[in-house]
Amino acid sequence: MLFMKTTNTTTVDCALGDITIPVTVFTSVLTKYGMVPDYVSWMIIKNATFYESSVVQDVYDTLKPGDLFVDVGANLGQYSAMAKHKGASIIAVEPQVVLKEPLEANVGDGTIHWVGVGQCETELELSYAFMKNPDTGGLMANIGANDLRGGNEAGRFPSGITVPVVTLDSLIGEQVPTVIKVDVERMEYDVLLGSKELLKHKPVLYLEQNEMDNFTECYNFLQKYGYKIERIFNADGTVVVKYV
């Protein structure tokens, strides 16, 4: 079982076996957004499987029991829940404390750091993202697309919440991850710049790469560390690149 059981649950079946989603946990998060459904939660329940399920499956196949998995931009914690099921140790990093309840449930005994990750230590303001519900056309929150880049882009609004930002090198220290997943809304390159010591150990990387500029910066940088692209996923409309 990948998710903590509660009295109100829905059980779904995927390639990793039966998964119990705690509906009460998802609901408690959604109410903090004024009962506006969150996109990732909505997709998990709607499709009865993991969001970005092909990537989740590949990470599951890559991990071994006892490995250290670092989940940067953990969101609700579905990747961490999968890693827990595989028997890996987990370090989850997520700046949005509104996700505290589901993330703690899904990480279990793993470690959670409530910070942002970038190329240096600083503080940045969180921006909220909203989108149209593909089924109803109504407005819905997209918690996973909230970012720390600032600005007033279409569909994004300043939150007034300041988040501490650290480097992944300082956060992880002497520990050696086997796999690192990074989904931080166009700040993936910033994360890499703050991970130069970690990259010397050549952990397998899964990076969200939805924009060409972001992809080019990350690809050119990682070549210096001997990385190559093993696979590119287009999962639920999100481009994720696996580097080895």
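The values are calculated or read from the model by the stated rules, or taken from the named source; none is laboratory data. For clarity, every value in this text was computed on a predicted model and none was experimentally measured. Glycine gets a Cβ as well: all are built from the backbone with ideal geometry, and neighbour counts include every protein chain shown.
For the range 186-237, which residues satisfy the criterion of being in contact with a helix residue (DSSP H, G or I) (Cβ under 8 Å, 6 or more places away or on another chain) and assigned to a strand (DSSP E or B)?
Those that are in contact with a helix residue (DSSP H, G or I) (Cβ under 8 Å, 6 or more places away or on another chain) and assigned to a strand (DSSP E or B): Val204, Leu205, Tyr206, Leu207, Glu208, Ile229, Arg231, Phe233, Ala235.
Which one of these is in contact (Cβ under 8 Å) with a residue 12 or more places away in the chain, in a helix (DSSP H, G or I), buried (at least 24 other Cβ atoms within 10 Å of the Cβ) and among the hydroxyl-bearing types (Ser, Thr, Tyr): Ser54, Ser80?
Ser80
Being more than 23 Å from Ser170 (Cα to Cα) and not in a strand (DSSP E or B), is that true of even one residue in the range 89-100?
Checking the range 89-100: at least one residue is more than 23 Å from Ser170 (Cα to Cα) and not in a strand (DSSP E or B).
Quick check: is even one residue across the range 117-133 under 15 Å from the mean Cα position of the chain (by Cα) and at pLDDT 80 or above?
Checked the range 117-133: at least one residue is under 15 Å from the mean Cα position of the chain (by Cα) and at pLDDT 80 or above.
One line per residue, one yes/no per condition, for (1) exposed (fewer than 13 other Cβ atoms within 10 Å of the Cβ); (2) among the aliphatic types (A, V, I, L, M):
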| site | (1), (2) |
| --- | --- |
| Lys86 | no, no |
| Val98 | no, yes |
| His113 | no, no |
| Glu123 | yes, no |
| Pro134 | yes, no |
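Across the range 171-185, which residue is surrounded by the fewest Cβ atoms within 10 Å (Cβ to Cβ) among those that are outside any strand (DSSP E or B) and among the aliphatic types (A, V, I, L, M)?
By that ranking, first place goes to Val176.
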